[in-house]
């Protein structure tokens with residue numbers, strides 16, 4: 001089983017990449033780190049208590065953890081984000097490991113981890129390769145605004161907390177630039193998939 005990380009900043013197109021690969025190729029499993037970690041957090045009361053003990057009432061509503069408030073706190077500054085990541089990344093590491101074992105038993109050919117912070121969390125060491133989807137900042141902001149779930153200030157704030165494109169490019173094993181048309185992007189993804197030793 002080939003294990004691939006797909007990463008990129010907000011609005012780069014990494015989720016579009018994962019979906020395209022899943023729809024067009026057989027035997028692919030996508031581990032969406034954001035969705036999986038949120039799901040795990042909702043299920044794990046001990047993890048919720050650890051986070052409430054760390055951040056206090058600023059992340060609670062009616063004495064329960066509020067995910068939206070937690071996101072606001074975590075994305076407000078670098079220190080809070082690092083504290084939350086310190087708690088969550090160990091959990092995500094276990095989730096990825098367990099899912100890899102499960103997919104190997106099922107004889108899945110391609111296991112993909114879709115995550116914005118592959119390098120920040122040092123998850124690349126668990127995988128065979130890292131594909132960075134890169135895009136100009138202005139384009140990424142436009143795409144992120146189209147989703148209508150974050151304001152411009154929130155998008156810019158999240159971008160400022162992520163590792164720079166320059167540093168990501170140094171660490172990625174492959175880079176696809178996503179500044180053009182969707183057709184061009186899909187062609188680049190097909191070419192990349194063909195180059196993998198699956």
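Values quoted throughout were computed directly from the atomic coordinates according to the rules given, and no laboratory measurement underlies them. The shown structure was predicted, so the numbers you read here are calculated from the model rather than taken from an experiment. As a convention, Cβ positions derive from the backbone with ideal geometry for all residues, glycine included, and neighbour counts pool all protein chains shown.
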> So how tilted is helix 78-105 from the main axis of the chain? Cα-based, degrees 0 to 90, rounded to 10.
Replying inline: 50
> Relative to the longest principal Cα axis of the chain, at what angle does helix 182-195 sit, 0 to 90 degrees, rounded to 10?
Replying inline: 70
> Hey, what did the chain get for relative contact order, percent, Cα under 8 Å, at least 6 apart?
Replying inline: 38
> Can you give the Rg to Rh ratio of segment 144-187, both from alpha-carbon atoms, with Rh computed by the Kirkwood formula?
Replying inline: 1.05
>> Once each part is reduced to its C-alpha centroid, what is the distance from segment 110-134 to segment 27-97 in angstrom?
In response: 19
> Looking at the chain, what % of its DSSP beta bridges pair antiparallel, to the nearest 5?
Replying inline: 10
> Taking the alpha-carbon centroid of each part, what is the distance from segment 153-173 to segment 1-19 in angstrom?
Replying inline: 14
> Taking the Cα atoms of segment 40-116, what is the range of coordinates along each of the three principal axes, in descending order and whole Å?
Replying inline: 45, 25, 17
>> I'd like the orientation of helix 152-161 relative to the chain: the angle between its Cα long axis and the longest Cα principal axis, in ° from 0 to 90, rounded to 10.
In response: 80
>> In Å, what Kirkwood hydrodynamic radius results for the chain from the alpha-carbon pair distances?
In response: 17.8
> What number, rounded to the nearest 500 deg cm²/dmol, is the helix-based mean residue ellipticity at 222 nm of the chain, given -39500 (n - 2.57) per DSSP H run of at least four residues and division by all its residues?
Replying inline: -17500 deg cm²/dmol
> Hey, fewest Cβ within 10 Å first, where do 165, 91, 82 land in order?
Replying inline: 82, 91, 165
